[in-house]
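Please treat every number below as a calculation from the coordinates, not as lab data. A quick note: this is a predicted structure, and the numbers were derived from the prediction, not measured. No Cβ is skipped: glycine too gets one built from the backbone with ideal geometry, and neighbour counts run over all protein chains shown.
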Amino acid sequence: MTRVPKTVAAALTVPLLLATGCGIATTGVVESGRAGTVKLATAPDPGLLYFIAPDGALVPVPVTDRTQRPDVGFTIGMLLEGPGEAAREAGLTTEIPVPDVKYWDRMGVARPPVTPDGDGDGKPLRVVLPVPVGPLSGPARRQLACTALAAVRTSPPPEILLIGSDGKEQTAACEVRPDR
């Protein structure tokens, strides 16, 4: 019996292995039906309040003490109370002046009344506030506009008209980032 040298055996084995591949034939796409879907349990939309971050941008904060989607009056009333403890700890602030709380306490009203007007039929959403709009800063008007728009479900979004206790009217736009 003759022995084949190891180098010859290796030289013959390598091309043989390369020619056979890995032994698994290629296949096309295998159809297996529709992709799986998952239904998630989600809470009702809580509504959003917009506060000012240290860099001047507006940051949405969900309303936490409500189980149903709140209306415009409710969310603007919450916004007028200012940021909650967690939002303040995160560095969020407001430029909206706080309404005269003593007046509202004497009247027996839990929150200052805010009256939205407009039904999404192309008319502006009129937000009647218990504070004067004349001295409101640009960021304060943006806070009010973004919070009001987050509470309405109309398309296209309506124009926001702020009406203050001073009788003045000002339009407001929701711009999350300030002009630089």
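The table that follows gives values for the structure above.
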{"quantity": "Peptide ranges 137-150, 155-168 listed from the most packed, as the mean C-beta count within 10 angstrom indicates", "calculated": "137-150, 155-168"}
{"quantity": "Asp55/Val29 FRET efficiency (R0 45 Å; Cβ-Cβ; nearest 0.05)", "calculated": "0.40"}
{"quantity": "Inter-probe distance in nm under a simple model that places probes 7 Å from Cα toward Cβ, at Thr171 and Glu89", "calculated": "4.1 nm"}
